[in-house]
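J.: Got a structure for you, questions after.
The values are calculated or read from the model by the stated rules, or taken from the named source; none is laboratory data. A quick note: this is a predicted structure, and the numbers were derived from the prediction, not measured. As a convention, Cβ positions derive from the backbone with ideal geometry for all residues, glycine included, and neighbour counts pool all protein chains shown. What goes into the accessible areas is simple: the full protein's heavy atoms, side chains included, and nothing from ligands, DNA or RNA. Shrake-Rupley method; radii C 1.70, N 1.55, O 1.52, S 1.80 Å.
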Amino acid sequence: MMRLPLFEFRAPRTLEEAARILDGEGTSAMLLAGGTDLLPNMKRRQQVPRTLVSLRHVGGLKEAQLTPSGLRLGACLTLADIARDPRFRNGASALWQAASQVATPHIRTMATLGGNICLDTRCNYYDQSYEWRKAINFCLKKDGITCWVAPASSKCMAVSSTDTAPALIALGARVLLVSRAEEREVPLCDLYNSDGSDYIRRRPNEILTEVLLDSLRGWKSTYWKLRRRGSFDFPVLSVAAAVQLGNGGIAQDARIVVGSVASRPLVATEAAKSLVGRPLDEEAIREAAALAGRIAKPLDNTDFDMSWRKKVATEFVTYALRELRGEDVRTERQRLTRYPFV
Amino acid sequence: MPNPTESPAVEVVELQLETDRLRVIGVPRRRVDARAKVTGQTRYADDIFLPRMAYCKLLRSPHPHARIQKIDSSRALAHPGVYLVLTGKDLPIEYGIIPVSQDEQALCLDHVRHVGDPVAAVVAREELTALEALDLIDVEYEILTTVSDPEEALATPEPRIHDYGEEGNIHKRVNLEFGNVDEGFAEADEIFEDFFFYQGNTHLPIEQHASVAIKDPEGKLTIWSSTQTPHYLHRALAKVLEMSPAHIRVIATPNGGGFGGKSDPFNHEIVVAKAALMLDRPVKIGLTREEVFYCHRGRHPVLMRFKTGVKKDGTITGMHLQTLIDGGAYGSYGVASTFYTGALQTTSYHVPRYHFQACRAFTNKPPCGPKRGHGTVQPRFGQEIQLDKIAEKLKLDPAELRLRIAEAPNAVTANFLELGTVGLRECIRRVVKISSWNEKFRKLPEGRGVGLACSAYLTGAGLPIYWNAMPHSGVQLKLDRGGGITIFCGATEIGQGSDDVLAAIVAEVLGVTTFDIRIYTGDTDLGPVDLGSYSSRVTLMAGNAAMQAAERAKAMLTEAVGARLDVPKERLRFADQRVFDSAAPEKGVTFHEAVCLAEARFGTVGTVGSYTPPRSPAQFKGGGVGPSPTYSYSAAVVEVTVNPVTGWINVPKIWIAHDIGRALNPALARGQVEGSVYMGLGEALMEEQEFRRLPKRLSHALVHKFPSILEYKSPTSLDMPEIVVELVEEPDPHGPFGAKEVGQGPLLPIMPAVANAVYDAVGVRVDEVPITPEKIVKALAEKKAGRAPRFGPTYFPDVDWPEPLRVPPPWEGGDGRAVNEVRRSSSQRKEKVLRT
Ligand SMILES: Cc1cc2nc3c(=O)[nH]c(=O)nc-3n(C[C@H](O)[C@H](O)[C@H](O)COP(=O)(O)OP(=O)(O)OC[C@H]3O[C@@H](n4cnc5c(N)ncnc54)[C@H](O)[C@@H]3O)c2cc1C
Ligand code: SF4
């Protein structure tokens, strides 16, 4: 069986204690939430922290609070908690759909929102055992010097594969990062780098404690995920879209995010802008889909053919916008996913 | 109940029917091992923990092709907690499942042939310690040129991956001609030539291979292992360890799925056996999923060319099939697989002249071998798609075409296979009916379609893996004074339900329930040999052996009870745990008493039974692959939806009819059919044992693309469509209670039926598996551009074929021999067997 390497295990009871340990250990420590990403990575020796700092016993990270100004979501809420919670089924339904489609029911009961946001980037040359990676002499992201996806590249192109981040960015989420010395609020779309190795701007001593959402009154949102199996699989393309519709179905504001085609979720600013001030008619949708599709530049390091994934990106934006204007797209959805949440 | 005083005659008749009614066979029952499985009490190999047990890990080659120049294990040996390091020098004797392909070493001595080939083994106190020590073994390699597919193998005779085989990197070539196909093509109204590619895929059993070996208290070897073929493992261990088989005990633990992936003797099994003997400690190994991908021996990738001539009415006049087979790095079952890519083409539709050419090449990838449907799946895919094309051209309904050309029961085919019952027509009729085929085919809206395909499969290989004249299966039965019955048999429960089949047969014959029976299977010390759980042989062969043993026990009990009750033997019946007079059912003894009477009369009551398949008329070289006591048949209809823009495929429903002869336990039989459909759907839509090379100027790597159960895509239970199963029961005289196989056959029609359905939905052919949305989009683009609306191979490379063996078919006066074969004398043959 695949074995974890030896590590030191710390189980702080308070946020302060966790932050203090993290500060002291530097980059050799990592936070452990549900462990559904980190532990498999450790078994494959992709990540070999000397110390694991568990968040399981840290109080106060599992609440979902509805405040007059919006929502505060604790980082240790599990994806199953979110998938179950009816409060996410209106304006925030993109988040609910994204969370419901992560991995399997078993994993969702362990997996946390914070862990999903901080999920390591993925690549077919990287998500492999130590022995396999040894057979290709490793790669730029870990232990090696070449990127096998783009040998000329000096940058890793591993793929952002989180389902909830694109959805949350489409909902305008911010995250709260807490370290021993300070606390900062960052728009989620600014949390990520365009670099598969150095993919997150969270400092090693920071804990993501909360996700903050402004009131979503008047907004509608949705999430479309491409994967081989409708039952479970990491996304290899995703589209999150949110629109605020005014009188006569005129879009007052819109956000479109394309996930899993780059090292970070891509915000389709042009596409979203093209919708504002217009009704979501065929032409508006076609235009926005083409604009959003243009920014998707998938590489050959996930499942499926990259040019095909790009083609589907345009289709998915179309599905999403048609759904947001009230069309019944349940048939398309049912053919892509085996969950009864539609 | 009728009043006995009023109509006594009627009552006797009814009573007889009642006593002769089958009580176990044909009744859907919970399988005998179900309770243990669902309560987690089944002990798989990896569940075995013994005192002082050490753990083994294998160091595997990171290179696809290399010579080992030096191995230095001193650093590993010095690592605290390490007990032993083994290398090729410790186990140099070659072995392999087939006598003519003894080409494996438990640890490679000087030549590694694929990434994952084992080079050294570490045995340590902890598994983690063994793992750490692997990195401390220093191996120097000389890198060799790699071969990644058969075409490359044909073009790269040097360096050779093996120094045996036909020549260069060609392992095996076959050229068999049953009648003159050119004459057949001359008679044809239409000739079809099509190319197909079937991608390799793997078994993916949920249980990863594991083994535990001990030197038992007497100093002999015992090994528990997740193997489908304890007998063949037994032989390989005796050979490599140079021990008497009498001093080796192999216990096949219940397999958490096998599907053919546990039917070779494996290097890790031999290594832990050796280590346990050397250390005098239990030694365990549990493979990781990645290592299972390196063991593989799964579905061969096969390129095919089918040329078929037909008359206007659909009658086939001749068929020429060529297959190019990617064997991977070792022989494994490959010689048999090679023959299987052409053996069964004649079993479902009448083919009067048949020419078959096959070539298996060695490549630097994990070896291929038998996976459910062994070697016949790939050509079945091509044949059934080509029939769909033929039907369209001839303007015939594909079901109607098949009904016209279906082979007759008890026929002898062009290649001398003797068929038994043939339920193919009935399968087609049933599946057409339950799927409402006639309302759907070519009638559904764009983007929705249905496809139909059929298949045939063996019920057990007619010949053993190694030449011998002994039975293929044996059963011992012990009846004890408590009324208990114990079955001892070498058959291996791999999840398919073979224990249940044995219990059901014995219970039916002796009039008890399966709960009254204990079963000891898969243990070479306890039970007589059964060759193993492969080729769908166990129900028929071990089943017949069990039946014979049970009938013999029944005869003893009958005699003893008859004497005691003073009832003629013919009148005695065994049912409901009693032995009684059928004319006066209240007159009888309990089964328990019957056993005591028999023991008093004859001494200890024990019987044996065995089974040897009938001799096949196929006497030409290579004719040993294909014969079977009888064949099963299936027909399936698959419905698909295909998105015309993205090519996304969905399968909402599948209907399948399977000719099983008789379903001994219908609940289990349906499970096998559904399991086959599941596996077939995976092969049709997503499964791929795919390899990748890195840019050659930077690396010589040739690695499995994603040896993980997450990224090797296979459907989950949630991805399954609705399945409607029909069992066609037409008892076959060769099978116990008329039973034929069900474990493999129903897989075969699924892949071509999906392909045919995609064509019905969007008018494009994908002539290869897996059928993915990308390929459909490409084929749709071809269609739009006015080119051939298809995706698939377009040629078959040149192969230097040997002179064909000419075997005239029966209707041309053939006797099953080749007219141009130089035959070896039987003494030469025996000598060969002894040498291997
Ligand atoms: C079979 C399988 C399928 C999967 N499929 C999907 C999928 O479809 N979609 C998907 O998005 N994911 C998928 N995942 C990945 C994973 O399960 C989820 O992303 C999950 O949400 C991760 O959360 P976790 O709590 O388990 O994270 P962990 O594994 O505990 O942590 C993940 C990373 O985040 C860091 N981290 C965790 N919490 C915090 C915090 N509060 N502050 C700062 N850093 C933190 C950890 O140090 C680590 O680097 C899959 C995993 C598996 C094993
Ligand atoms: S993108 Fe390149 S560097 Fe990054 S993980 Fe993949 S192969 Fe390695």
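J.: I'd like the projected area of the range B:74-204, averaged over all directions, using the convex hull of its alpha carbons. Report it in nm² with one decimal.
T.: Computing the convex hull of the Cα atoms and averaging its projections yields 12.8 nm².
J.: What figure, in Å² to the nearest 10, do you get for the accessible area of A:Trp308 with a 1.4 Å probe and non-protein molecules left out?
T.: About 10 Å², rounded to the nearest 10.
J.: Using the Kirkwood radius over C-alpha pairs as Rh, can you work out the diffusion coefficient of the range B:342-427 via Stokes-Einstein at 4 °C, viscosity 1.567 mPa s, in µm² per second?
T.: 88
J.: Can you figure out the FRET efficiency of B:Asp576 with B:Arg552, using R₀ = 25 Å and their beta-carbon distance, to the nearest 0.05?
T.: Taking R0 as 25 Å, the efficiency between B:Asp576 and B:Arg552 is 0.70.
J.: In chain B, what percentage of the DSSP-assigned beta bridges are antiparallel, given to the nearest 5?
T.: If I count the DSSP bridges inside chain B, around 75 percent turn out antiparallel.
J.: Next question, about the same structure. Which is farthest toward the positive dipole end of the protein assembly as shown among B:Leu204, A:Ala158, B:Ala276, measuring Cα position about the Cα centre, with Cβ charges +1 (Lys, Arg) and -1 (Asp, Glu)?
T.: Most positive-ward Cα: A:Ala158.
J.: Separation between the B:Asp798 and B:Phe49 pseudo-spin-labels, each 7 Å from Cα along Cα→Cβ, expressed in nm?
T.: In this crude label model, B:Asp798 to B:Phe49 measures out at 6.4 nm.
J.: Which order do the peptides B:382-393, A:197-208 take when ranked by the mean count of other beta-carbon atoms within 10 Å per residue, highest first?
T.: B:382-393, A:197-208
J.: What value, in deg cm²/dmol to 500, does the helix sum -39500 (n - 2.57) over DSSP H runs of n ≥ 4 give at 222 nm once divided by the residues of the protein assembly as shown?
T.: -8500 deg cm²/dmol
J.: Convert each backbone phi in the range B:179-186 into a coupling constant with the Karplus relation 6.51 cos²θ - 1.76 cosθ + 1.60 (shift: θ = phi - 60°), then list the ³J(HN,Hα) values in order as whole Hz, x for Gly and Pro.
T.: For the range B:179-186, the Karplus-derived couplings read x, 8, 5, 4, 4, x, 5, 5 Hz, x marking Gly and Pro.
J.: Let a ≥ b ≥ c be the square roots of the eigenvalues of the Cα gyration tensor of chain A; is it rounded (a/c under 1.5), or, if not, prolate (a/b larger than b/c) or oblate?
T.: oblate
J.: Still on this model: Using per-residue counts of other Cβ atoms within 10 Å, averaged over each peptide, order A:42-49, B:368-375 from highest down.
T.: Descending mean neighbour count gives B:368-375, A:42-49.
J.: Can you give me the C-alpha center-to-center distance between the range A:96-145 and the range B:112-184, rounded to a whole angstrom?
T.: If we compute the Cα centre of each part, the gap is 31 Å.
J.: Okay, moving on. In the range B:271-359, what trypsin sites (Lys or Arg not before Pro) fall in a loop by DSSP, with at most 15 other Cβ atoms inside 10 Å?
T.: Passing both the DSSP loop test and the Cβ count: B:Lys311, B:Lys312.
J.: Let me know the mean shielding of A:121-132 by other chains, meaning the per-residue number of their Cβ atoms within 10 Å of its Cβ.
T.: The mean count of partner-chain Cβ atoms within 10 Å per residue comes to 5.
J.: To the nearest Å, what is the center-to-center distance of the range A:228-302 and the range B:442-487, using C-alpha atoms only?
T.: 52
J.: At 7 Å along Cα-to-Cβ for each site, give me the label-to-label distance between A:Thr269 and A:Arg89 in nm.
T.: Here the modelled spin labels are 3.7 nm apart.
J.: Next question. With θ taken as phi - 60° and the coefficients 6.51, -1.76 and 1.60, list the Karplus ³J(HN,Hα) couplings across the range B:625-639 in order, rounded to whole Hz; mark glycine and proline as x.
T.: Using θ = phi - 60°, the values come out as 9, x, x, 7, x, 6, 10, 9, 10, 9, 9, 9, 10, 10, 10 Hz.
J.: Moving on. How big is the protein assembly as shown in terms of Cα radius of gyration and Dmax, in angstroms?
T.: 32.1, 102
J.: Need one value: the accessible area of B:His300 in square angstrom, 1.4 angstrom probe, rounded to the nearest 10.
T.: Number for this one is 10 Å².
J.: Just to be sure I follow: if Rg is taken over the C-alpha atoms of the range B:471-611 and Rh is the Kirkwood radius over the same atoms, what is Rg/Rh?
T.: 1.00
J.: Using a 1.4 Å probe, how large is the accessible area of B:Trp811, given in Å² and rounded to the nearest 10?
T.: Accessible surface of B:Trp811 is approximately 110 Å².
J.: Using a Förster radius of 35 Å, what is the FRET efficiency between A:Asp281 and A:Ala150 based on their Cβ-Cβ separation? Nearest 0.05, please.
T.: Here the calculated transfer efficiency is 0.35.
J.: Hey, what's the per residue convex hull volume over the C-alpha atoms of the range A:59-217, in cubic angstrom?
T.: 132
J.: So which of B:Lys371/B:Lys440; A:Lys225/B:Lys783; B:Lys393/B:Lys740; A:Lys311/B:Lys784 end up more than 25 Å apart by C-alpha?
T.: Pairs exceeding 25 Å: B:Lys371/B:Lys440; A:Lys225/B:Lys783; B:Lys393/B:Lys740.
J.: Counting just the Cα atoms, what span does chain B cover along each of its three principal axes? Round to the nearest Å and put the largest first.
T.: Sorted largest first, the three principal extents are 94, 74, 56 Å.
J.: Using a 1.4 angstrom probe on the protein heavy atoms only, could you order A:Arg56, B:Arg430 from most to least accessible area?
T.: Descending order: A:Arg56, B:Arg430.
J.: Hey, another quick one. Output ³J(HN,Hα) for the range A:222-230: one whole-Hz value per residue in order, computed from phi by the Karplus curve 6.51 cos²θ - 1.76 cosθ + 1.60 with θ = phi - 60°, and x for Gly and Pro.
T.: For the range A:222-230, the Karplus curve yields 7, 9, 10, 10, 9, 7, 5, 10, x Hz.
J.: Still on this structure: With a 1.4 Å probe and all protein chains in place, put B:Ile465, B:Ile405 in order of accessible area, largest first.
T.: B:Ile465, B:Ile405
J.: Suppose every K and R has +1 on its Cβ and every D and E has -1 on its Cβ; what is the size of the dipole of the range A:1-59 about the Cα centre, in Debye to the nearest 20?
T.: I would put it at about 340 debye.
J.: While we're looking at this one, here's another question. What spacing in nm lies between the two simple spin-label points modelled at B:Asp20 and A:Thr67, each 7 Å away from Cα in the Cβ direction?
T.: Going from the B:Asp20 label point to the A:Thr67 one covers 8.5 nm.
J.: So, one more: One quarter of the convex hull surface, Cα atoms only: what value does that give for the range A:1-59 in nm²?
T.: Quarter of the Cα hull surface area: 3.9 nm².
J.: Which whole-number value in Å² is the accessible area per residue of the range B:554-613, probe 1.4 Å?
T.: 48
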